[in-house]
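These notes concern the structure reproduced below.
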Amino acid sequence: MANYGYMLDCPACGVRDLNLLNYTALMVIRGDLGLFTLTCPNCSQKISSIQPIPDELSEEVREAAAEIGAGMGRP
């Protein structure tokens, strides 16, 4: 079941089921905020949006930061 708190609309075709958890790229701006890029499954438009990082991704983001020595991955 989709978490509708993480849903975006496609500005090109209006599809309403773009889920942040299905991102194609994520640039972390700070520990709780990211620039997400998604691809619309309906029209293939790439959409970028600054959104809060969902709790489900917090551990993944911390692990990735630690692997590259980024600020939030440091002890």
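Close amide-amide hydrogen proximity is noted between ILE53 and LEU33, GLY34, each under 5 Å apart and 5 or more residues distant or on a separate chain (H modeled in the peptide plane; Pro and chain starts excluded). The Cα atoms of the chain cover 43, 23, 15 Å along the three principal axes, with the biggest extent listed first.
Charges were assigned to the Cβ only: +1 to each Lys and Arg, -1 to each Asp and Glu. The resulting dipole of the chain about its Cα centre is roughly 260 debye. Dividing the summed -39500 (n - 2.57) terms of all DSSP H runs of n ≥ 4 by the residue count of the chain sets its mean residue ellipticity at 222 nm at -4500 deg cm²/dmol. Seen against the Cα atoms of the chain and their longest principal axis, helix 58-68 is set at about 60 degrees. Over all alpha-carbon pairs in segment 33-74, figure out the percentage whose distance exceeds 13 Å. In whole percent, the share of Cα-Cα pairs in segment 33-74 beyond 13 Å is 63.
For the chain, relative contact order (Cα pairs under 8 Å, six or more residues apart, normalised by length) works out to 20 percent.
Any read-out appearing in this document is the output of simple, stated calculations on the displayed coordinates, not a laboratory observation. Just so it is clear, the structure is predicted and the values come from calculations on it, not from any experiment. Note that each Cβ is placed from the backbone with ideal geometry, even for glycine, and that neighbours are counted across all protein chains shown.
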